[in-house]
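Comments concern the structure below.
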Amino acid sequence: LASVLGPPFSVPPVPTMAMPPLDPELRTTIEKTAGYCSRNGKKFEDMVREREGGNPKFSFLHDGCEGNQYFRWRVWCHLQGMTEPDMAQLLAQAFPIPSAEGQAELEGLMASLTGSKDSIRALRSWIMSNEASIDWICVQLQARVDAL
């Protein structure tokens, strides 16, 4: 297959690391596709992009679309020879996630957010005390807003 589709990618510059999408199906699709593309080359990616052009499940193959930065980062990691545990460790270091108790506390604060100064102040205080997880927090807040 590689001989038909051309040589593998030349190693691109280090892309910006991005958080994986919240949607587990999208994350799995990105991770599998990144593996295939890193093994089979740019022409393979172009072929998938063309074949799946109208399929929203593969919109991450287009610059600026949801999941594109994560896809680019995953392809780069594969080209560097990184393993799944290597990538998981890098993600955990770059985007720390609060403990299960902290996640539950955020969920409770968001559920009780009424617009009152006290509820806003409590959420703001929690966010500030967990600023190391700000990327994860932003994703959670965005998901909450999208669900409204």
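The values are calculated or read from the model by the stated rules, or taken from the named source; none is laboratory data. This one's a predicted model, so the numbers in the text were calculated from it and none came from an experiment. Here the Cβ is made from the backbone with ideal geometry for all residues, glycine too, and neighbour counts use every protein chain on show. Quick note on the areas: whole protein, heavy atoms, side chains included, nothing else; ligands and nucleic acids left out. Shrake-Rupley method; radii C 1.70, N 1.55, O 1.52, S 1.80 Å.
Residue pairs whose Cβ atoms lie under 9 Å apart, sitting 6 or more positions apart in sequence or on different chains, and linking a residue in the stretch 40-66 that is under 18 Å from THR16 (Cα atoms) to a partner that is assigned to a helix (DSSP H, G or I) and among the β-branched types (Val, Ile, Thr), are PHE60/THR29; PHE60/ILE30; PHE60/THR33; LEU61/THR33; LEU61/VAL48. For the stretch 33-81, the tally of residues that are among the hydrophobic types (A, V, I, L, M, F, W, C), assigned to a helix (DSSP H, G or I) and open to solvent by 40 Å² or more (accessible area, probe 1.4 Å) stands at 2. Checking each residue of the stretch 124-139 against the condition of being surrounded by 13 or more Cβ atoms within 10 Å (Cβ to Cβ), touching a residue at least 24 places away in the same chain (Cβ under 8 Å) and over 19 Å from the mean Cα position of the chain (by Cα) gives at least one match. One residue alone among ALA104, ALA100, ALA92 is closer than 14 Å to MET19 by Cα and free of Cβ contacts under 8 Å to residues at least 60 places away in the same chain, and that residue is ALA92.
Output the residues belonging to the stretch 20-32 that are of a type outside the set (Asp, Glu), out of contact with any Phe, Trp or Tyr (no Cβ under 9 Å at 6 or more places or on another chain) and not in a loop (DSSP other than H, G, I, E, B).
Hits for the stretch 20-32 are PRO24, THR28, LYS32.
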